[in-house]
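Report on the following structure.
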Amino acid sequence: MSESIDDHLVRRLRTWPQPPVGAVQELADSEGLLTLFDAQLQSRHLDLTIRWLQTQGEAFYTIASAGHESNGAVAMALRSSDPALLHYRSGAFYAARSAQALSATAIDDVLRSAMASADDPISGGRHKVFGHAALSIIPQTSTIGSHLPRAFGLAYALGLASRSEVRPQWPSDSVVVCSFGDASANHSTTVGALNASSYCAHQGVRLPILYVCEDNGIGISTRSPAGWLERSLASWPALEHAMADGTRPGDVLDTASRLVDIVRAERRPAILHLRTVRFMGHAGSDAEIAYRSRKEIEDEFALDPVLATAGALIDAGVLTPGEALARYAEVRVEVMERAKELLGTNRLDTRESVMAPIVMRRSRADSVASADRRAQVFGAKLPEDGADLTLAQTINATLTDVLAARPEALVFGEDVGRKGGVYGVTRGLRRGFGATQVFDTLLDEQTILGTALGAGLAGFLPIPEIQYLAYLHNAEDQLRGEAATLRFFSDGQYENGMVVRVAGLAYQKGFGGHFHNDNSVAVLRDIPGLVLAVPSHPASAPGLLRECVALADEGRVCVFLEPIALYHERDLRDGDSGWTAPYAAPAPWPAEAAHELGRVRTYGEGRDVLLVTFGNGVRMSLRAAGRLADERIGCTVLDLQWLAPLPREELLRTTEVFAAVVVVDETRESGGVSESVVTALVDGGYPGRIRRVTSADSFIPLGPAADHVLLAEHEIIAAVRTLLAE
């Protein structure tokens, strides 16, 4: 009959020899080892009990920490105030951190999390995560290392705070700890974060982070090649590196403590390669017997870190085998009894309660720089007192005002500093505000967004730039899986408000092709809670950008998608300067309410047809409306401004006086914005006629060929004529 890890540990403790008198092995820190042992026991029995709860229909996701309990020693090497972003096998770390903080709720916390209890102190019943605000454990749902860019960003932000006015919630000498698995070490997010850390350390940038790779040698069913991880992790330039074996608990405590001391004192990154083992399969219903032999599984029982700690305590004469076994049995009873008491726990029971952290709002404070400060940063003439501005110029002026009013605001990305951006939108900002507030990054969109994720956590206002919309797709999960989920999985206790500026959409001349003319925004429109704004005209851009900043203050993740083709456009029609506008200086709330999330902007007073559009479509629709006016067809153009969430109420209210609506959509026919607009009209009971015109389901080619797949003015005109003829 096969033996379980539980059976094996009990059998080994029963037969463990008592060391003879005079042969006791001295321990440097017996109390520390006892504390570690208790954390490990708690973690092990939580794993076993949660499996039982699953058979009762009371737990809904199991992923064991069994075999990884040596990570409790890492927690003990740190302070309970050090921010932790943890691997999903971190039960012993959590228990040890709780003990450090003199918290007695670790068992309840983990049980409630696994049971999706509304009383779970971190997610409120939304996911099984290790997290607790009072323990400085930031919840992570990552399974592929996607939390590492955020961890890098948080460490970078803590270093940045030392030369700024921002005071993060953690002590100034804190160390960020981030753990991950050996299979995840191969993922691009992990490699990117380690590369960014090495890149910064090479230049002497302050980066207080300890990475912990918990190496159990297998990713679900795929073995890590022998020796690969050792060579890989040790190869990063300027990163301190050390290895430790989970079956030698004293060495793990010593090695982790040494690395933490280096990181804390020298503010530079380190990697701990921690050898572990995996028990109870990968997760959930994983039947590892399908890809591992019974002998292979049972042979690894000898590497049990809980047994190793018990053995060290017995061999040192701190515990007898019977006392170790009794301690193991006592914790089993304690955890099981508490689990039984929690049966039938409260759970989220309405749509509103589940979604509450996504849509939560709070009051906003004004953030307008003083007249003296504005005069200092703008010089002799304020932008509102000068000539009318283009879209690029007005975004630059708005960013200047934000940076002047908000010393915690950061503008960063590829080429945004010295060069001032590919299109000059950030020109002069670095010179005006210095390299602490405005800086260039390495060429890696995952790291750019990860920096924003961490900076937002640390109390900064991140305004990262993604150079082109097509480049965002390299890193989109940093928004979808990390940024947008943080409030959801922390029940609003943690947040990372930010405004991600993205240059995008099509129609720019002389610098074309797909990667510089991407017109796909579908990936940004189905992320719960994410706000997507698209400015189209310099008159409205400042208000929209300031609203995004205000939403970021509320913890929202905003994307500000800037149409490249309109950056330097001056005219609606030749020579009329119709695409410039006086700069709208910032004003206290609620004077900015006209640009509030959910508000639309209309042009014209025609009543024959409403053209619903955004971005480049606004200019094209206004030009088309001018030509249709010559045919006595009166048009009003509605600029949606907000593509996520869609401004449904104002859209429907505006359509009430129109018998016909044409949706003008520069994105693709399939998955484009118009699909949602038409759906909103139909669902809202709009009784009139609807037609949509879109670009083709195609990538954007180089040169004149682009005209064959992009929406054109003549197609808008034809659609209006056809709709009215019907």
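Once all protein chains are placed together, Ser670 keeps about 70 Å² accessible to a 1.4 angstrom probe. To the nearest 10, the accessible area of Ser179 is 0 Å² with a 1.4 Å probe. Computed packing ranks the peptides 647-654, 290-297 as 647-654, 290-297, most packed first, by mean other Cβ atoms within 10 Å. Normalising the Debye intensity of the stretch 157-250 to I(0), with uniform scatterers on Cα atoms only, and taking log10 at q = 0.14, 0.20, 0.24 Å⁻¹ returns -0.62, -1.06, -1.32. For the pairs Lys381/Lys419; Lys381/Lys509; Lys128/Lys340, flag any whose C-alpha to C-alpha distance is greater than 29 Å. Listed pairs above 29 Å: Lys381/Lys509. The listed residues Val191, Val260 rank as Val191, Val260 when sorted by accessible area, largest first, using a 1.4 Å probe. Residue order by solvent-accessible surface for Met620, Met336 is Met336, Met620, largest first, with ligands and nucleic acids left out and a 1.4 Å probe. Applying a 4.7 Å Cβ-Cβ cutoff to the chain leaves Cys178, Cys200, Cys213, Cys635 as cysteine residues with no disulfide-compatible partner. In the context of the full set of protein chains, the chain has a per residue accessible area of 38 Å² (1.4 Å probe).
Between Ser285 and Leu443, the distance separating the two model label sites (each 7 Å from Cα on the Cα→Cβ line) works out to 4.6 nm.
Counting only alpha carbon atoms, the long axis of helix 541-553 and the longest principal axis of the chain meet at about 20°. Of Glu298, Glu288, Glu562, the order by accessible heavy-atom surface (1.4 Å probe, DNA, RNA and ligands excluded), from most exposed downward, is Glu298, Glu288, Glu562. Cβ-Cβ distance of Phe515 and Asp630, R₀ of 41 Å, FRET efficiency by 1/(1 + (r/R0)^6): the value works out to about 0.60. Summary of packing: across the peptides 160-167, 541-548, 449-456, the per-residue average of other C-beta atoms within 10 Å ranks them, highest first, as 449-456, 541-548, 160-167. Along the axis of the charge dipole computed for the chain (Cβ charges of +1 for Lys and Arg, -1 for Asp and Glu, origin at the Cα centre), the listed residues Thr613, Val402, Thr189 are led at the positive end by Val402. With the highest mean first, a sort of the peptides 85-95, 321-331, 387-397, 518-528 on other beta-carbon atoms found within 10 angstrom per residue produces 85-95, 387-397, 518-528, 321-331.
Globularity index of the stretch 594-726 is 1.00 (Cα radius of gyration / 2.2 N^0.38 Å, N = number of residues).
Please state, as a whole number in µm²/s, the translational diffusion coefficient that the Stokes-Einstein equation yields for the stretch 30-145 at 10 °C and 1.306 mPa s, with Rh defined as the Kirkwood radius across alpha carbon pairs. Translational diffusion coefficient: 114 µm²/s. Relative to the longest principal axis of the Cα atoms of the chain, the long axis of helix 713-725 makes an angle of roughly 70 degrees. In degrees between 0 and 90, to the nearest 10, how far off the longest principal axis of the chain does helix 305-315 point, with axes built from Cα atoms? With rounding to tens, the tilt is 30 degrees.
To the nearest 10, the accessible area of Ile220 is 90 Å² with a 1.4 Å probe. Based on Cα contacts under 8 Å between residues 6+ apart, the stretch 327-431 shows a relative contact order of 19 percent. If contacts are Cα pairs under 8 angstrom and at least 6 residues apart, what is the relative contact order of the chain in percent? With pairs under 8 Å counted, the relative contact order is 12 percent. Placing +1 on each Lys and Arg Cβ and -1 on each Asp and Glu Cβ, with no other charges, gives the stretch 307-381 a dipole about its Cα centre of roughly 840 debye. The calculated pair-distance distribution of the stretch 417-532 uses every alpha carbon pair, bins of 5 angstrom beginning at 0, and gives 2, 11, 19, 23, 19, 14, 9, 3, 1, 0 percent. If I compute semi-axes √(5λ) of the Cα gyration tensor in Å from the structure I just sent, which labelled value in (1) 105, 23, 19; (2) 55, 28, 22; (3) 98, 42, 20 lines up? Here the calculated entry is (2). For the chain, what % of the accessible area comes from carbon and sulfur atoms, probe 1.4 Å? C and S fraction of accessible area: 51 percent. For Arg51 and Met336, the difference between the fully extended length at 0.36 nm per residue and the C-alpha to C-alpha distance is 101.5 nm.
With a Förster radius of 25 Å applied to the C-beta separation of Val523 and Thr436, the computed FRET efficiency comes to 0.20.
On the principal axes of its alpha carbon atoms, the stretch 281-425 extends 84, 41, 40 Å, with the longest extent given first.
The values are calculated or read from the model by the stated rules, or taken from the named source; none is laboratory data. Note that this is a predicted model, so its numbers are computed, not measured. Heads up, the Cβs are rebuilt from the backbone with ideal geometry, glycines too, and the neighbour counts pull from every protein chain shown. Accessible surface is based on the protein model in full, side chains and every heavy atom, while ligands, DNA and RNA are left aside. Shrake-Rupley method; radii C 1.70, N 1.55, O 1.52, S 1.80 Å.
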